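J.: Just dropping this structure here.
The values are calculated or read from the model by the stated rules, or taken from the named source; none is laboratory data. What you are looking at is a predicted structure, and each value in this text was computed from that prediction instead of being measured. Reconstructed Cβ throughout: ideal geometry from the backbone, glycine too, with neighbour counts over all protein chains shown.
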Amino acid sequence: MDFVNIDPAAVAEWHAHVYYDPDKTKDAAARLRERIAHAFPDLRIGRWHDESVGPHIASMYQVVFPPARFGAFVPWLALNRDGLSILVHPIAADAWSDHVVYGVWLGERLPLNEPVLRRNRGRD
């Protein structure tokens with residue numbers, strides 16, 4: 001596995017991918033989404049993806065946040081995720097490294113479509 005130390009100051013932004021099952025846990029994901037919007041109104045919450053998109057095999061939505069909000073948002077998310085799996089990763093290197101090498105899982109680690117990520121290595 002490739003691993004290069006990166007200065008945290010080089011991180012442009014962070015993404016949190018909140019995964020859910022459209023038939024079983026979308027209500028929990030919707031409640032969490034509302035709570036995120038209320039507690040962190042300055043963060044950008046992306047649209048719902050009930051189908052596989054990019055490297056994300058499971059349904060998800062994304063929350064984009066600046067490095068300055070990491071210390072408040074990620075601990076809150078870890079403690080308030082309602083059993084959902086969440087991948088938190090930086091935008092720092094390339095798609096594969098950001099998701100696979102530097103990503104941090106809250107809850108169960110889910111599979112990613114790594115070939116999609118590998119095709120995007122070296123791209124922003």
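J.: I'm trying to understand the selection: among the residues of region 5-14, which are assigned to a helix (DSSP H, G or I) and either modelled with pLDDT of 95 or more or of a type in the set (A, V, I, L, M) (or both)?
T.: First, the residues of region 5-14 that are assigned to a helix (DSSP H, G or I): 8-10.
Ala9, Ala10 - these are the residues of region 5-14 that are assigned to a helix (DSSP H, G or I) and either modelled with pLDDT of 95 or more or of a type in the set (A, V, I, L, M) (or both).
J.: So, of the residues in region 77-106 that are exposed (fewer than 15 other Cβ atoms within 10 Å of the Cβ) and not aliphatic (A, V, I, L, M), which turns out to be farthest from Arg31 (Cα to Cα)?
T.: Trp105
J.: Here is a follow-up. Can you list the helices (runs of 4 or more DSSP H) found entirely within region 15-119 that contain at least 2 residues being closer than 27 Å to Val4 by Cβ?
T.: By residue number, 70-79, 114-119.
Here is a yes/no grid of residues against (1) touching a residue at least 12 places away in the same chain (Cβ under 8 Å); (2) touching a strand residue (DSSP E or B) at 6+ places or on another chain (Cβ under 6 Å):
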| site | (1), (2) |
| --- | --- |
| Asn5 | no, no |
| Val11 | yes, yes |
| Ala39 | yes, no |
| Ser52 | yes, no |
| Ser59 | yes, yes |
| Trp76 | yes, no |
| Arg81 | yes, yes |
| Ser85 | yes, yes |
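J.: Only residues in region 96-114 that are closer than 14 Å to Tyr20 by Cα and at pLDDT 95 or above count as the first member; pair them with residues that are surrounded by fewer than 14 Cβ atoms within 10 Å (Cβ to Cβ) and of a type in the set (Gly, Ala, Ser), Cβ under 8 angstrom, at least 6 apart or cross-chain, and list the lot.
T.: Listed by first residue and then by second, the contacts come to Leu106/Ala78; Gly107/Gly83.
J.: Considering only residues that are aromatic (Phe, Trp, Tyr) and either closer than 22 Å to Val116 by Cβ or touching a Gly at 6+ places or on another chain (Cβ under 7 Å) (or both), look in region 1-57 and name the one that is surrounded by the fewest Cβ atoms within 10 Å (Cβ to Cβ). Walk me through it before giving the result.
T.: Just the residues of region 1-57 that are aromatic (Phe, Trp, Tyr), to begin with: 3, 14, 19-20, 40, 48.
After this cut, where a residue has to be either closer than 22 Å to Val116 by Cβ or touching a Gly at 6+ places or on another chain (Cβ under 7 Å) (or both) as well, the list is 3, 14, 19-20, 48.
On the way: Phe3: 8, Trp14: 22, Tyr19: 21, Tyr20: 24, Trp48: 16.
Only one residue tops the list, namely Phe3.
J.: Anything in region 34-66 that is under 19 Å from Trp105 (Cβ atoms) and not small (Gly, Ala, Ser)? List them, or say none.
T.: Ile36, His49, Val53, Pro55, His56, Ile57, Met60, Tyr61, Gln62, Val63, Val64, Phe65
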